[in-house]
1. Scan region 171-191 residue by residue and report those that are assigned to a loop (DSSP other than H, G, I, E, B) and surrounded by fewer than 17 Cβ atoms within 10 Å (Cβ to Cβ).
2. With the requirement that a residue be outside any loop (DSSP other than H, G, I, E, B), under 30 Å from residue 114 (Cα atoms) and not hydrophobic (A, V, I, L, M, F, W, C), what does region 192-245 give you?
3. Checking the structure you have, find out if any residue of region 130-144 is modelled with pLDDT of 80 or more and either more than 24 Å from the chain's Cα centre (by Cα) or surrounded by 14 or more Cβ atoms within 10 Å (Cβ to Cβ) (or both).
Amino acid sequence: MLWRFLPFAVMWAIWLERNSRKFEGIDNSRTSVIVSIKALIFWVAAHWTPNSGDKTVLQYDDVMKLDFGTQIGGHIVDCAFTAAFNHMLLQLIREATLCKSKDEAGIDVRLCDVGAAIQGSWNLTKLKLMERFSKVWKGYVREDLECSHYMKDFDAGHVPLRLPRAKQLFGTINKHFSTLAFCRRYLDRLGELKYLMALKNLCGAGIVQPLPPLCDIKGSYVSQFQHTILHWPTCKEVISRGDDY
């Protein structure tokens with residue numbers, strides 16, 4: 001079964017990338033760019049996607065999150081959903097996030113009040129709430145696992161780079177991502193080879209920031225459902241919602 005293997009998650013990420021990139025070039029004045037696509041598994045809460053060659057296996061009792069966003073002309077739509085085979089966690093977080101967000105959110109409503117409403121619904125369960133990542137275990141995360149996500153530092157000034165390979169890689173990052181986050185798989189897609197030393201040099205120079213995975217303790221579960229809501233004067237529109245989640 002394909003669902004039992006992590007490469008399926010990678011295929012999903014590639015499928016999402018491919019369909020999002022169909023919008024690129026339709027209007028040169030409003031270029032469509034993928035903001036971020038992450039295939040998160042197990043106890044990972046954020047900032048992780050399989051690097052090339054990763055052979056981790058997805059088991060029956062594991063959970064997998066797909067977090068992705070796109071921007072068109074500077075307008076960003078971000079969303080996330082969780083896939084699992086044997087877990088009641090999904091329906092709880094889906095209902096708490098979507099229903100409470102739609103009920104409580106609105107123009108001039110404080111975000112802390114929306115968060116309090118979501119957390120209130122969680123107080124009726126035995127699960128803990130960790131920001132928007134609903135999970136079972138400690139309730140906080142730490143940096144762990146191999147880094148896959150990076151982002152150019154918006155505030156970094158001019159930094160002289162001695163390595164020609166680092167200069168070339170930085171040019172690629174500037175051209176294709178600017179200050180948007182990217183993962184190593186995106187560099188692979190652009191044809192970059194043997195770039196890890198140059199990428200490490202850019203991180204050491206402070207002009208590119210590594211975004212390590214944020215994880216709970218091993219063996220715990222983290223689920224994620226996320227939507228983008230557009231507030232009109234008379235109604236609310238969940239613009240990231242489809243017929244699948």
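1. 178, 179, 190, 191
2. 221, 223, 226, 231, 236, 237
3. yes
Every residue, every condition in (1) of a type in the set (Asp, Glu); (2) in contact with a Phe, Trp or Tyr (Cβ under 9 Å, 6 or more places away or on another chain); (3) not assigned by TED's automatic domain parsing to the domain that holds residue 49, yes or no:
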| residue | (1), (2), (3) |
| --- | --- |
| 180 | no, no, yes |
| 196 | no, no, yes |
| 216 | yes, yes, yes |
| 228 | no, no, no |
| 233 | no, no, no |
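The values are calculated or read from the model by the stated rules, or taken from the named source; none is laboratory data. In this text, all values refer to a predicted model and were calculated from it rather than measured experimentally. Reconstructed Cβ throughout: ideal geometry from the backbone, glycine too, with neighbour counts over all protein chains shown.
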